1. Scan segment 328-337 for residues that are in a loop (DSSP other than H, G, I, E, B) and surrounded by 19 or more Cβ atoms within 10 Å (Cβ to Cβ) and jot them down.
2. Looking at segment 132-153, can you tell me whether even one residue there is in contact with a Gly (Cβ under 7 Å, 6 or more places away or on another chain), modelled with pLDDT of 95 or more and in a loop (DSSP other than H, G, I, E, B)?
3. Quick one: which residue in TYR353, TYR391 is touching a residue at least 40 places away in the same chain (Cβ under 8 Å) and either surrounded by 15 or more Cβ atoms within 10 Å (Cβ to Cβ) or among the β-branched types (Val, Ile, Thr) (or both)?
4. For GLY363, indicate whether it is closer than 30 Å to GLU87 by Cα and over 14 Å from the mean Cα position of the chain (by Cα).
5. Within segment 144-155, work out how many residues are under 17 Å from THR93 (Cβ atoms) and either touching a Pro at 6+ places or on another chain (Cβ under 8 Å) or of a type in the set (Val, Ile, Thr) (or both).
6. Closer than 26 Å to ASN394 by Cα, free of Cβ contacts under 8 Å to residues at least 60 places away in the same chain and among the charged types (D, E, K, R) - does that describe any residue in segment 305-318?
7. Consider only pairs whose beta carbons are under 6 Å apart and that are at least six residues apart or on different chains; among these, list those whose first residue lies in segment 181-206 and is within 11 Å of ILE157 (Cα to Cα) and whose second residue is part of a strand (DSSP E or B) and among the basic types (Lys, Arg).
8. For segment 271-319, which residues satisfy the criterion of being over 26 Å from the mean Cα position of the chain (by Cα) and not in a loop (DSSP other than H, G, I, E, B)?
Amino acid sequence: MTVLNTTKLMSLFTALFLFLAVGCAEALETESNNNNNGGDSEADTTEGYFALPESPGDLYESDEFDFHVQTVVDGLSQPWAAAFLPEGLVLITERDGSIRKIKNGEMHSEPIAGVPEVFARNQGGLLDIEPHPNYEENGWLYMSYSKPNNGEGMTAIVRAKFDEEAHALTDMEELYVGTPFTSRGHHFGSRIVFDHDGYMYFSIGDRGEMDTAQDLSKSNGSLFRLNDDGTIPEDNPFVGEEGLDEIYSYGHRNIQGMAVHPETGIVWTNEHGPRGGDEININDKPGANYGWPEITYGINYDGTTITEETHREGMEQPVHQYTPSIAPAGMAFVTSDKYPGWEGNALIGALAYQLISRVELDGDQFVSEERLVEGIGRIRHVIEAPDGYIYFLNESNGTLNRIIPVES
């Protein structure tokens, strides 16, 4: 009797095991099929835009935690900016005038068609790309670039839509063209952001002619504010006054990093100084003069003095200045809970010093700086993407990289 019951029990256990095994196999096959529907399937929402690689990537240390840097896109040529869009789509500008499409981690073999011709001289070319805050509803993408005109160039702003099926930009609209044009290949700016009220901000540098940053009749050395259709807000500071109506602030040398503070909605910027005197600024005063070149913490590249003044009444002081220069480019505020201890910090890329400057702030006051990934390459752009991860573009090796804390 005991033997018979044991046999029955063994049979039941065997049947149960086979049932569970078949069920698990079917579940695994279903999951595999769902994740392999071809190149245009939606991104895995668990991992965001890029699947986790087999190798965790190079290990780096910070004061708060250790982290890996993972290369998620390579083969780029002087990447300048990245826009993270819905359904696993990323668009990356290259300074020579190309936009590259990455979908679910794979880069399309051909650049996107329909990109405007650029003045690709020295620092000029195709620059920033920024989606409209309501991109999912209206599809608008905003781009800054150096527009050519009879051998000269100047920063311009356009918007267009991306037809993924045609692999091309469509419905192109020119929103702004700076003045004057010049043959110089320096200091085009240019970043684009939208504040919490939907206004568009963008920058143009002094174009290598420092004194023009104090001339309100020219676009040089300024931060601009427009409506999303390119029209001028009625309450812009110089409307009805001397100066260009589109200017929001002036006295800037060359802004190449810009981000909206997640809590206050105020636009923050970083800009290149000459030899020393790179700056982080808060742009909370319409019509403010940030001083270049009347005041600066930097000197000329040949070591001569630009001015003895670092302060002057009626001119703004930076939140922080870098001497020696790090050559700041790109800027992002950390809001993601994936980076404990970094929340509220500003991350700023550096071209010359080849690092990310992590800046701890207390309100609008500088507290401290930590330098991350030193020597990794010229970092052009830093982005916190919708998947909560921080990415950066390295123009030295043509890559897009992701920062992942060790505990992730």
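The values are calculated or read from the model by the stated rules, or taken from the named source; none is laboratory data. The structure presented is a predicted model; accordingly, all values stated were derived computationally and were not measured. All Cβ positions, glycine included, derive from the backbone under ideal geometry; neighbour counts span all protein chains shown.
1. If the condition is that a residue be in a loop (DSSP other than H, G, I, E, B) and surrounded by 19 or more Cβ atoms within 10 Å (Cβ to Cβ), then VAL334 is the only one that fits.
2. yes
3. After applying the criteria, what remains is TYR391.
4. no
5. Residues in segment 144-155 being under 17 Å from THR93 (Cβ atoms) and either touching a Pro at 6+ places or on another chain (Cβ under 8 Å) or of a type in the set (Val, Ile, Thr) (or both): 3 in total.
6. No, segment 305-318 has no match at all.
7. Final answer for the pair search is TYR201/ARG225.
8. Matches in segment 271-319: ILE299 only.
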